[in-house]
Structures are given as structure tokens and as C-alpha cells.
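Please treat every number below as a calculation from the coordinates, not as lab data. As the structure is a prediction and not an experimental result, all values here were calculated from the model. With ideal geometry, Cβ positions are generated from the backbone for all residues, glycine too; neighbour counts draw on all protein chains shown.
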């Protein structure tokens, strides 16, 4: 193995990772025989430098045959329902239609038009963005911070702390929401009790339209940062310590090391966590459903909660399907944006 | 066990399926053996459904053609299931019945089961809202009993408020509940909806009067602007005197008796709703027993409804659940006349008014409190609120108007 480590030669360390991780003799041989770039792509999981291989005729049919069961399932349980709800979103299917399907009217894009004119929808969209854009980065920052702490050499009882921080993620959301409702209680809640000591007057956490969403964000961050933390820890552990040693020898301080070594190498992990967290947060539902029922003054009604109410409380299925599609488009755009941002950075 | 035995015995036995919700669903099984003894050919299978899942389960059962023979339905649900053509009309059976006399039932309650002139349910128990109050706090303000008119009621509350600390309130009306406001509207005689339930009637002077009365509780600091999810323990607040009055239904009699501390047990009472001038109107709530159109054993199912409606069986039901019976003859029994907290309900039941019978009612009710909440919090004026209510409710009733117009054209 090479002992010199130049920061400009990007591939040498990656080659070493592969060799080091797969510590088996045949893997040494294979890695040595391949081009460094191929190993690099193998290591980062992007095999776009795939060698061209001739596929014998007949294999194509066999491949389709093997894929068929999965494709049929995806078609029946994914594409068909999506298609059906797209059709549904162009009708006024409702409670009357359950009794007499003949009373359904085809309304074209009217549901979408009505949706875009309803202040409740825009408020729900605003609430959802508020939740995702404040809660998302907060969750990622907090989980990265705890991951860095837990990954530090000096920290002891790592397993213990990891478990502690992960517990909120595996507890039942509904039970947790009920407990947090008590914590937020204006008169008897633990938060206001604590704030009272530092002279801050009681906050009406769930009753004040301005505080209700921050209260929900706080709980959601607490609930979900443990999962992201675990993924970040895994990502951090995949960064070879030699890089830090080298950076240190070159005179980089802890902050510099974080921005020049940790963050770039965490790139794919960060993208994954970012996308998953964002998709999850755009689908905010259970927290407001249990804690505030969307109130006060609809300040915590999310798009999914609105969809649920329209669809399963009032049985306006057509309208609810339209909401679902708008949400789908919003999430799709947000995900594409995130991929684009990530691409620009690397 | 019962089922296992009967399967062996019988050739032409009938099994009835009865669905009931919540506590009633648990308890009704205890009333069934006596019925099965009376009617050896009929078995009853009771299925208990939690309230939260009941509406969805009934709808999915209807779509899947798996409805029971009889179900307990909240009486505001009856019009919705009638709109689905899910229920069988009962008028012929009621007319023929020897046991079940329509005029023995409280009129307002019976009417909740009548849609377009046909009866689709028999009231099983009644629910109306009235005032629970701390008699000692009222006495301290100089009142020996609950005032009977709106004006006196407000004066009493102001006197109570004057003796309280700033965080205590004479009244609690959670902002996310509609029965209080709707109850006031029934008292002013507001129809709530107009033109046969085709449009909202919220800008009507009668609804406005009720709405302004409702709003004044919050504007004058007599009730806190809080929703029910912000009140962690109502019983504690009532016990500590942080709240002196609360509007609720009969199930609170049992709750207050079980949950309030001994020290305040002789310090609370119930009173009929005060009215504009004299005793006020109440909302006709409760649950009914309905027969499903898909049932293959309607005659037998009707026998079960008759049995469960018998005064003696209803009293037994009252003893098991605390639910109040809908028949005047059942109320003559001492177990009810001796209950000091139930008396006010007997009085109120003579003055109950049904809610608008449209399938959209639940949604309309939710919109009413949501708009009300905006006015309470000062986000909207009274004019804006009432106009907004009419606009939103008219939009909800669009499909109903369309279908009614089609029906008119057809006939």
C-alpha cells in the first residue's frame, strides 16, 4: 500500500478502500487487475463505466420472464391504482356516487381548478412547505451533529447513546403525540414549567396559531432525527481515517476537516437523507392529526391531512384524488430540485 | 356457545346480525339472552364496533353488500344512509306494532329519524345538551338555581367572573365543538339551512342573533377561547373551580359521579338550557336502531327492535349504560325520577329540535365551528363569518341541489 497521500490524486485512496474493506486475497487480485476508475465507480456504487458485453439472443426473453412477476405486481398494485385515481380526480365521485354510480359527473379539470381557488388548499400547502423547509434542514443538522458527536474518538458508551437517540424513531407516533400534547400543555406542561424558570411566560403551544406549527416541528424533529443519525454514522465510518490524518498533517483544523473532508465524502449519504426526509415531511399527517386535528385555525392542516379529510371524512373522492396528484407533483419537483442542487455541488 | 348449540338443533333458525358502537355495543349482549328465550327460532349475533371506525365500516359494508340486519346509527347519520338507499322504511311495521307507540316517544327525537316523510329508525337512546354547573359557585354569586333566560344567565356569569381570578372562567365552550352554537341557533328558531336543505341560512337574522350571543361569551371574557385538545383534564378544572359551567350530554352524569372528587360531589347540578325568554330549546341527538334494506330477515329484526324499545328493557339498558330512554313511559320509573341529575334532561327532552336532515350535516357542522373559531379569535368579523358560512355550505350542497333537481325533473 502506498504511504504517500496526495490530495489531488483522487483515485488512489478509493482504490485502497476497496482493497481494505474486502480483505480477501481474490479481491486483492481483482482490484489490482482493474483500472482504478472502475474500482472507484464500484466503490461509490455508480457503475456507469460498464464494459460492453455481448448478450446472447434469447436471453432477453428469459429476462422478461424473470421480471414478469415483479412487473405484474407493480402494474396491478401501483400503476393501475394511480391510473384509476387519475381518472377519479376528473370526476365528482362522492358519497352519493357510492349509492348510485350513475350520479357521478365527469368534471374534467374542475377539481383542480376548484382546488387552486380554495384558500384552505393554499394554506395547507404553505403549512406543508413551512414544515418541510424548516423541519427538514433542522432534522438533518441535528442528526448530522449527533452523528459527528457519536462518531468522535473521545465519546464513550457509543452503543448506549445510539440506542437512546434511536428510541424516539421506533416508538409509536400516536402514543408519542399524546405524551407531547401533555408536555405542551399551557398550564401543566413540562415545557412551560421549564421556561418559567428562565422567566419566559407561558406559551400556548398548541392553541396559538403561530406556535402550533413550531411545536409540531419540534416533536417531528425529535422523533425522526435518530434514523438519519444512524445513516450518517454509517456514512462517517466509511470515510477512511487516513484522510483525516493527512488533512491534519497538512494543517487543517477541525472546521476545515469537516468542510473539506467529511462533507464532500458524505455527499451521496446527504442526498439520500435529504430526499427521504423531505418526501417524508411533505407527507406530514399523523402529528397534526393526533395533536391538533389540523387546528387552531387550520394552522397545522397539511396537504395530506386535507386530502384525508376530503376523501375519508367527507367522501369527496374525486376532489381528494386531485389533491393527491397535486401533492405528487410538488414532491416530484422538490426531489428533482434536490438532485439538481446535489449535482451542481459535486 | 349459544351459536354452537343452536346450529346443532335447528333447521329453520334465523341468525340476526346486530352492530352497535362503543359502550352500547359491549352492553347490549347482556340484553340479548332474554330475547332469544322469548323467540327460540332467532339467534342474535352482536358485533361491537369502535365509534371512530364505525362510519367507515358501515360504508364499506354497504359497498361490499355485507351490511348487518340492524345497526345502531347516530341519528345525524340516518339521512346519509337514507341517501345511500341503505335503510329500509319502518312505517308499516310501526303502524302494525302493538308494543311500539310513536306518541310515547319524545317528538323531537322521533323526528330525527324521519326523512322525506318516511321513518328509517327507532330512537334507542337520547342525547341532548344542557348545562352542568357548580351549584356552590353559583350560590356564592347569589343564585339558588340556574337562571332560565339568556339575559339572566349572562348576568349570573358576569357576577361569577367578578369573583374569580383571571385564569378562571364561568363557562367553558371548546372552540372546536359545534353543538353549543347550533343549540343557540335552534333556540332562536334558525332553520340553519333553507329551501329543503339546498342552501345555508346563516345570514338569516335568527342565526345571526344566536351567533352574536355565542360570540359574546368569548368577547366578554366569560369563556376562554380554547379548543378541547388544550384542556388536558376537564374534571380537574371543574373540581378546582376553574370552570363553573359546561355544556354537555347525559353521559357526563356518570363521568362526573365517577371522576369528580368526593368533596365536590354535592356541589354540582344539571339544568335545562336557558332560552331567550324562558326555558330554551335543545338539540335532538342520540342513536337509533335502523333496519338495513339488504336484510333478509326483516320481520325477525323488527321483533328485536320492538324488544329493545320496551320500557322495561330500556330501563335495564339505562342501568347498564346510563343512556337515557327516548320513551316517556320509561321515564316514569323511580330509578330515573330519583336521579337528581337526570331530571333536567327529562325536562329538556320535551323541547328538543332535530338538526337539518341532510347527508352533508357532519361536514356542515364542522364548517360552522371552524368559521366560529375565526370570529372568536378576531380573524373575521360577524358579517364576514356568516357570509363565508353561507358560501362554503352552499358549495357543499351543490351535488345535493343537482340530484334534487334531477329527481324533480324525473317525477
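Projected label points at residue B:39 and residue B:216, each 7 Å from Cα along the beta carbon direction, are separated by 5.2 nanometres. Of the three principal axes defined by the Cα atoms of segment B:286-402, the extents in descending order read 51, 44, 21 Å.
Among B:55, A:185, a tally of other beta-carbon atoms within 10 Å of each Cβ gives an order, fewest to most, of B:55, A:185. Evaluating kT/(6 pi eta Rh) at 37 °C and 0.692 mPa s, with the Kirkwood radius of the protein assembly as shown over Cα pairs in the Stokes-Einstein relation, gives 107 µm² s⁻¹.
If you take the Cα Rg of segment B:135-250 and divide it by 2.2 N^0.38 Å, with N the number of residues, what do you get?
Values: Rg = 15.5 Å, N = 116, 2.2 N^0.38 = 13.4 Å.
In units of the 2.2 N^0.38 Å rule of thumb, it is 1.16.
Taking each pair of distinct Cα atoms in segment A:283-346 once, what is the resulting Kirkwood hydrodynamic radius in Å?
On the way: mean 1/r = 0.0764 Å⁻¹.
About 13.1 Å, per the Kirkwood formula over Cα pairs.
What is the distance in Å between the Cα centres of segment B:229-247 and segment A:204-283? One Cα centre to the other: 44 Å. Calculate how steeply helix B:382-396 sits against the longest principal axis of the alpha-carbon atoms of chain B, using the helix alpha-carbon long axis, and give the answer as 0 to 90 degrees to the nearest 10. Once rounded, the angle reads 20 degrees.
Calculate, in nm to one decimal, what residue A:149 and residue A:250 gain on full extension: separation in residues at 0.36 nm each, minus their alpha carbon distance.
Values: separation 101, 0.36 × 101 = 36.36 nm, distance 2.34 nm.
Full extension of this stretch gives 34.0 nm more.
Cα centroid separation, segment B:51-130 to segment B:376-396: 32 Å.
Ranked by the mean number of other Cβ atoms within 10 Å of their residues, highest first, the peptides A:61-70, A:222-231, A:137-146 fall in the order A:222-231, A:137-146, A:61-70. As a proxy for reagent exposure, B:101, B:377 were ordered by neighbouring Cβ count within 10 angstrom, fewest first; the result is B:101, B:377. Ranked by how many other Cβ atoms sit within 10 Å of their own Cβ, fewest first, the residues A:241, A:177, A:302, B:216 fall in the order A:241, B:216, A:177, A:302.
Can you check how the C-alpha radius of gyration of segment A:179-254 compares to 2.2 N^0.38 Å, as a plain ratio? Write down the numbers at each step before the final one.
Details: Rg = 20.4 Å, N = 76, 2.2 N^0.38 = 11.4 Å.
Computed over Cα atoms of segment A:179-254, the ratio equals 1.79.
Here the ratio of the Cα radius of gyration of segment A:110-345 to 2.2 N^0.38 Å is 1.17. Placing a pseudo-label 7 Å from each Cα along the Cα-to-Cβ vector at residue A:279 and residue B:255 gives an inter-label distance of 4.2 nm.
Legend: calculated FRET efficiency, residue B:316 to residue A:87, from the Cβ-Cβ distance at R0 = 56 Å, rounded to 0.05, equals 0.60.
Across segment B:339-406, counting alpha-carbon atoms alone, Rg and Dmax equal 16.9, 52 Å.
R0 = 56 Å: FRET efficiency of residue A:332 with residue B:155, Cβ-based, nearest 0.05?
Details: r = 61 Å, r/R0 = 1.09.
Step by step, r from the Cβ atoms, then E = 0.40.
Length available on full extension from residue B:199 to residue B:263: 0.36 nm per residue minus the Cα-Cα distance, which gives 18.0 nm. Angle of helix B:398-410 to the longest C-alpha principal axis of chain B, folded into 0 to 90 degrees and rounded to 10: 50°. Note on B:225-231: average number of Cβ atoms from other chains within 10 Å of each residue's Cβ is 6. Taking every alpha-carbon pair in segment A:199-331 and binning the separations at 5 Å intervals from zero gives 2, 9, 13, 14, 13, 12, 10, 9, 8, 6, 3, 1, 1, 0 percent. Peptides B:46-52, B:224-230 ordered by packing proxy, namely the average of other Cβ atoms within 10 Å per residue, highest first: B:224-230, B:46-52. In chain B, one over the average inverse separation of all distinct C-alpha pairs is 22.8 Å, which is the Kirkwood hydrodynamic radius.
Can you give the mean number of other chain Cβ atoms that lie within 10 Å of the Cβ atoms in peptide A:290-300? Walk me through the intermediate numbers first.
On the way: counts 1, 1, 4, 5, 2, 8, 9, 8, 3, 0, 0.
Neighbouring Cβ atoms belonging to other protein chains average 4 per residue here.
The relative contact order of chain B comes to 26 percent, based on Cα pairs under 8 Å that sit 6 or more residues apart.
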